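Working notes, beginning with the structure itself.
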Amino acid sequence: MIYKSILLFGAPGSGKGTQGKILGTIPGFYHCACGDVFRAVDVRSSLGKAFLDYSGKGKLVPDDITIALWSQQIDGMMQSGRFKPDIDFLVLDGIPRNVNQAKILSSKLDVRRVFHLTCTDRSKIYDRLQRRGLKENRLDDINEDVIARRLQTYDEETKPVLEFYGPKLTTHVNADQWPYQVLRNILNAIENERD
Ligand code: ADP
């Protein structure tokens, strides 16, 4: 089974989750945020502990664990009928997060478009993350050192994923705009992808 997919791509705090959640409410789109999949795991389990350990340091969880958990989640959603791959676009946010993950997933994903949410002002990212951290009780978002490390991880490991998919598949969207404006840009581009 190969899933026709849309990737939401961008630095932590660029608004991938906000856009993904909205898209996921539209019939024909199923949203899966990799960070949410991890956060749903019982923190007392060994997997939950590993997640807290890596994310608390601003690092990526190892690829084998990540891909296994993600596949399990998608299979579950398919079995319950919430995700219907024959009709739904899979909207991914937070995965693939490095080139190795992109390679592993290449046999499963038919990537139709990659939306790169660009944020020119990094201080804005700190503001957004810290506000979210307090609101959603996310420890990895509150501490400035952890945020800095997450941004470094993004620059070093995640950004090369854009080159993996290439400029033809990529649409850059200015994420400094209001969410409804970002959404409008995304929807306009998707319009051209529908079969
Ligand atoms: P954000 O929305 O701020 O980018 P996420 O909620 O997507 O953050 O991710 C939080 C943390 O979960 C990451 O810092 C990382 O430790 C872990 N994580 C999420 N997705 C992946 C992934 N695809 N591979 C490895 N680790 C991941």
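The values are calculated or read from the model by the stated rules, or taken from the named source; none is laboratory data. Small disclaimer: the values here were computed from a predicted structure and weren't measured. Positions of Cβ are backbone-derived with ideal geometry, glycine not excepted, and every protein chain shown enters the neighbour counts. The protein model used for the area step is the full one, side chains on, heavy atoms only, and it has no ligands, DNA or RNA in it. Shrake-Rupley method; radii C 1.70, N 1.55, O 1.52, S 1.80 Å.
Could you tell me which of the residues 144, 191, 157 is among the acidic types (Asp, Glu) and free of Cβ contacts under 8 Å to residues at least 12 places away in the same chain?
On the way: 144 fails: free of Cβ contacts under 8 Å to residues at least 12 places away in the same chain; 157 fails: free of Cβ contacts under 8 Å to residues at least 12 places away in the same chain.
Of the residues listed, the single one that is among the acidic types (Asp, Glu) and free of Cβ contacts under 8 Å to residues at least 12 places away in the same chain is 191.
Only one of 4, 21 is among the charged types (D, E, K, R), more than 16 Å from the ligand (Cβ to nearest atom) and open to solvent by 10 Å² or more (accessible area, probe 1.4 Å). Can you tell me which? First the steps, then the outcome.
Details: 21 fails: more than 16 Å from the ligand (Cβ to nearest atom).
Result: 4 is the single residue among 4, 21 that is among the charged types (D, E, K, R), more than 16 Å from the ligand (Cβ to nearest atom) and open to solvent by 10 Å² or more (accessible area, probe 1.4 Å).
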State all residues of region 85-120 that are away from the ligand (no atom under 14 Å from the Cβ), open to solvent by less than 70 Å² (accessible area, probe 1.4 Å) and acidic (Asp, Glu); if no residue qualifies, say none. 88, 110
Residues located in region 29-66, provided they are open to solvent by less than 20 Å² (accessible area, probe 1.4 Å) and either β-branched (Val, Ile, Thr) or away from the ligand (no atom under 11 Å from the Cβ) (or both): 37, 48, 61, 66
Pairs please, first residue from region 55-71 and closer than 12 Å to residue 95 by Cα, second anywhere and open to solvent by 20 Å² or more (accessible area, probe 1.4 Å) and assigned to a loop (DSSP other than H, G, I, E, B), Cβ atoms under 6 Å, 6+ apart in sequence or on different chains. 60/97
Would you pick out the residues in region 127-151 that are within 18 Å of the chain's Cα centre (by Cα) and open to solvent by 60 Å² or more (accessible area, probe 1.4 Å)? 128, 132, 136, 149
I'd like to know if region 152-161 contains one or more residues that are over 17 Å from the mean Cα position of the chain (by Cα) and exposed (fewer than 13 other Cβ atoms within 10 Å of the Cβ). no
Among the residues that make up region 175-185, is at least one of them under 16 Å from the mean Cα position of the chain (by Cα), in a helix (DSSP H, G or I) and among the hydroxyl-bearing types (Ser, Thr, Tyr)? no
